[in-house]
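Only one structure is covered here, and it is reproduced in the block below.
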Amino acid sequence: MWTRAELKENAKKYFKFNYWKMVLVALILAFLTGSGGASVGSYSQNNETDVANSFGAVPAEQLSALIVGILVGVIVVCVVVGALQWFVFNPLTVGAQRFFVVSHYRKAELGELGFAFSKSYLNTVKIMFLRQLYVFLWTLLFVIPGIIKAYEYMMIPYILAENPDIDSKEAFAMSKQMMTGNKWNTFVLQLSFFGWGLLSAITCGIVGIFYVNPYMYMTLAELYVALKEITYGGGQNSYVQNGGQWNGGSATLSNDPNQWNNPNQPSNGNWN
């Protein structure tokens, strides 16, 4: 069974060894997932009154055309944002998560960010879209079911990072199996970063960018590795999906940072 202390200790070890690259990838991942975004301010009541008065002074025909134009603009913006999310941001998210998973085994390179664009791209787009859709639909049944499903499907980006060709049903089934009995402990693990989040807010995000975010993302990648090994076995080997089971790859990758630059150490192992 994994422990928070063990995961965090491992995360610190790998984070310090590949510091600047992890900082950059974590910054990109925070942007992609919206965890580093700022809230948008709202209009004051006086501004709302002025806008209402302005609309009242517009002739009915022009007002109808204006409303139609606004609706068309909103639809176009939604389509563009959705396309960026599904076809660019989601694959980049998988690549960023792959970067952190690879960092458990060797010194990862920034090229891992583009992994999903070169390996079964459309399959990654489809599965990540389904993940977001399912969570959204479950959220419509009040918020709690959506939260539960979000944790149940939490491992899907990591699974895709190692198995981009995986069938969607198997990806969801594997994530569900890995998270069975681990949802609450994962929530507590994330909650343990709350103090760091406050410190980041106090420092206007500086601590978050240069320490908290990469530390947290590396810890979650360590959680994935731990759950993968507990659920499917295989030790430190990379994993390939085979008939619903994960089997150890042929090359073992060291999790000792001091050996990552060893020319005798496998540079790619059995990663797809």
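The values are calculated or read from the model by the stated rules, or taken from the named source; none is laboratory data. This structure is a prediction, so every number in the text was calculated from the model and none was measured. Here the Cβ is made from the backbone with ideal geometry for all residues, glycine too, and neighbour counts use every protein chain on show.
Of the residues contained in region 199-208, none is found to be surrounded by fewer than 20 Cβ atoms within 10 Å (Cβ to Cβ), within 17 Å of Glu9 (Cβ to Cβ) and without any contact (Cβ under 8 Å) to a residue 24 or more places away in the chain. Can you name the residue in region 156-197 that is of a type in the set (Val, Ile, Thr) and in a loop (DSSP other than H, G, I, E, B) and, of all such residues, is farthest from Ala221 (Cα to Cα)? The residue in question is Ile166.
Can you confirm whether Phe55 is farther than 30 Å from Leu191 by Cα, touching a helix residue (DSSP H, G or I) at 6+ places or on another chain (Cβ under 7 Å), at pLDDT 95 or above and not β-branched (Val, Ile, Thr)? Give the steps one after another, and end with the answer.
Numbers: farther than 30 Å from Leu191 by Cα: yes; touching a helix residue (DSSP H, G or I) at 6+ places or on another chain (Cβ under 7 Å): yes; at pLDDT 95 or above: no; not β-branched (Val, Ile, Thr): yes.
Considered against the rule, which asks whether it is farther than 30 Å from Leu191 by Cα, touching a helix residue (DSSP H, G or I) at 6+ places or on another chain (Cβ under 7 Å), at pLDDT 95 or above and not β-branched (Val, Ile, Thr), Phe55 comes out as no.
With the condition being of a type outside the set (A, V, I, L, M, F, W, C), surrounded by 16 or more Cβ atoms within 10 Å (Cβ to Cβ) and in contact with a helix residue (DSSP H, G or I) (Cβ under 7 Å, 6 or more places away or on another chain), I'd like the helices (runs of 4 or more DSSP H) fully within region 81-155 carrying at least 2 qualifying residues.
Values: elements: 90-105, 115-118, 121-139, 143-152.
Ranges flagged: 90-105, 121-139, 143-152.
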